[in-house]
Amino acid sequence: MGETKKPEQFVIMAKPVGSRCNMRCSYCYYLDKGKYSSHGTQTRMSFDLLERLIRRYIEASGGPVVSFTWHGGEPTLAGLDFYKKVVELERKYLPRGWQVWNNLQTNGLMLNDEWCRFLGENHFDVGLSIDGAQAVHDRFRRDRGGNPTYDRVRRAAARLQKAGIQPDLLSTVTSASAEDPLGVYRGLRELSTGWVQFIPIVVRTEDGGVTPDSVTPDSVTPEGYGHFLCEVFREWVTHDLGRLDVQLFAETARIMAGGEASLCWMAPTCGRVLVAEEDGSVYSCDHFVDPEHRIGDLRSGRLDTMVTSEEQTRFGEAKRSTLTAECRRCPYLRFCGGGCPKDRFGVSADGEAGQYYLCEGLRMFFRYAEAPLTRAMELSRAKKAPDEIMEELRREL
């Protein structure tokens, strides 16, 4: 008998309350997605649908670790009892010897001591959205009443740490962030969580153009993004190496060392991160929740069939097959994979449509970071301690 082939891994991003949220961030791309719900008015995912999701995802997984990501909108609006049910159902269906990993991505406003105690006791990883410096955060991240939220999010971070959880900090890069890169980075560093992820904000205006006037005022420009990344990288590589990880920098180093990108937007193809909405609808991607990209339903379909379907395969392969000629000849394509398809509305130097809007910003970063990262890795292989590596890089940069 031949050996059974292990299923290829994929991710489910579950949205138990859909796009519902207790904040009104000016740049949010998801708030209006509720219009596609079959419920008319979005509700909480039923326990029946939740059980189907957990059982079918575990069945489709190759194990021995099964990962669930709980997202939104704001997923804590589902209530603490919902996540107690999550843990109960995972234990019910998880095969002996397997492990489950839960990640909750939240704005933190609901996280009181009871929430944090539950998350800590059940080993949830938490991604906490905070935009670094208070002035930058409160400029765009307001609650439904228009009130600032920075202080409440900082308190949530402290509660999580008290419960034994070091949250991953999810920080958007906006036009305001680009004006104060070091203020944003140092504000995140002060929280001492060990991990930071930067997410560029690009929101197109209704005219659909590609000039700076065709994105919203809170969107970061390519030049602003590049400047932000270079400034933060310099601070990180000369002061925080070995103490704090920044996702983009870690992914770039991984690729330089011969590994593969673990982030979908940096990989050559995508399509392995499905979205399950509160009404049971399954979509191709978090950025493509619309009727055109609805690929199935939890009530009637199998997740492994959806992720390997012809339409989903075509969606994922299009990331590579639609690259512009400029992208194909770029020496940094191996790092960025051509960027996220949602932002490929720019025009290349050859006049070809479909260029990644933030391309020049990423090129600025890769040009700046490649040599210092190479040197840092060489010194690390030579058994140099992080402090020694940073001291040498401070002399060179």
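The values are calculated or read from the model by the stated rules, or taken from the named source; none is laboratory data. Here the structure is a predicted model, which means the values were calculated and not measured. Every residue, glycine among them, receives a Cβ derived from its backbone with ideal geometry; neighbour counts consider all protein chains shown. Heads up: the accessible areas ignore ligands, DNA and RNA and are worked out on the full protein's heavy atoms, side chains in. Shrake-Rupley method; radii C 1.70, N 1.55, O 1.52, S 1.80 Å.
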Sort K35, K384, K162, K85 by accessible area with a 1.4 Å probe, largest first.
K162, K35, K384, K85
In whole percent, and with a 1.4 Å probe on the protein chains, what portion of the accessible area of the range 22-166 is carbon and sulfur?
45
Gyration tensor (alpha-carbon) shape descriptor, the range 245-367, a/c threshold 1.5
prolate
Using a Förster distance of 41 Å, the FRET efficiency for E114-E370 (Cβ separation, nearest 0.05)
0.30
Highest mean first, what order results for 307-314, 279-286 on Cβ atoms within 10 Å?
279-286, 307-314
Between Q355 and residues 5 or more places away or on another chain, the pairs with built amide H atoms under 5 Å apart involve G346, V347, S348
Skipping prolines and chain starts, which residues have an amide H placed within reach, meaning under 5 Å, of the one on W101, given they are 5 or more residues away or on another chain?
V66, S67, F68
Share, in percent, of DSSP beta bridges within the range 1-152 that are antiparallel, nearest 5
15
Based on Cβ point charges of +1 for Lys and Arg and -1 for Asp and Glu, what charge dipole magnitude is obtained for the chain about its Cα centre, in debye rounded to the nearest 20?
860
Provide the packing ranking of 249-258, 94-103, i.e. peptides ordered by the mean count of other C-beta atoms within 10 Å per residue, highest first.
249-258, 94-103
If you rank C28, C336 by how much accessible surface each has, with a 1.4 Å probe, what is the order from largest down?
C28, C336
Antiparallel DSSP bridges in the chain: what percent, to the nearest 5?
25
Given unit charges at Cβ for Lys, Arg (+) and Asp, Glu (-), the dipole magnitude of the range 118-168 about its Cα centre in debye, nearest 20, is 240
For the chain, build the charge dipole from Cβ charges (+1 Lys, Arg; -1 Asp, Glu) around the Cα centre, then report which of F228, M110, T252 sits farthest towards its positive end.
M110
If r is the Cβ-Cβ distance from Y332 to S46 and R0 is 30 Å, what FRET efficiency results, to the nearest 0.05?
0.05
Considering amide H positions built from the backbone, and no H for Pro or chain starts, which residues 5 or more places from G194, or on another chain, come under 5 Å of its amide H?
none
Semi-axes of the range 22-112's equivalent ellipsoid from the Cα gyration tensor, sqrt of 5 times each eigenvalue, largest first, rounded to whole Å?
26, 15, 13
Roughly what would the spin-label model give for R96 and R24, points 7 Å off Cα along C-beta, in nm?
5.5
Which one is right for this structure if Cα extents along the principal axes in Å is calculated from it: (1) 57, 47, 43; (2) 59, 56, 49; (3) 122, 53, 41?
(2)
Chain lengthening between I199 and A325 when straightened (0.36 nm per residue, less Cα-Cα):
42.8 nm
Between D32 and N103, what FRET efficiency comes out of the Förster formula 1/(1 + (r/R0)^6) with R0 = 22 Å and r the beta carbon distance, rounded to 0.05?
0.35
Could you report the accessible area of F315 in Å², rounded to 10, computed with a 1.4 Å probe on the protein chains as they sit in the structure?
30
Calculated [θ] (222 nm, deg cm²/dmol) that DSSP helices of n ≥ 4 give over the chain, each run adding -39,500 (n - 2.57):
-12000 deg cm²/dmol
For the pair S380/E235, report the inter-label distance in nm, with labels modelled 7 Å from Cα in the Cβ direction.
2.1
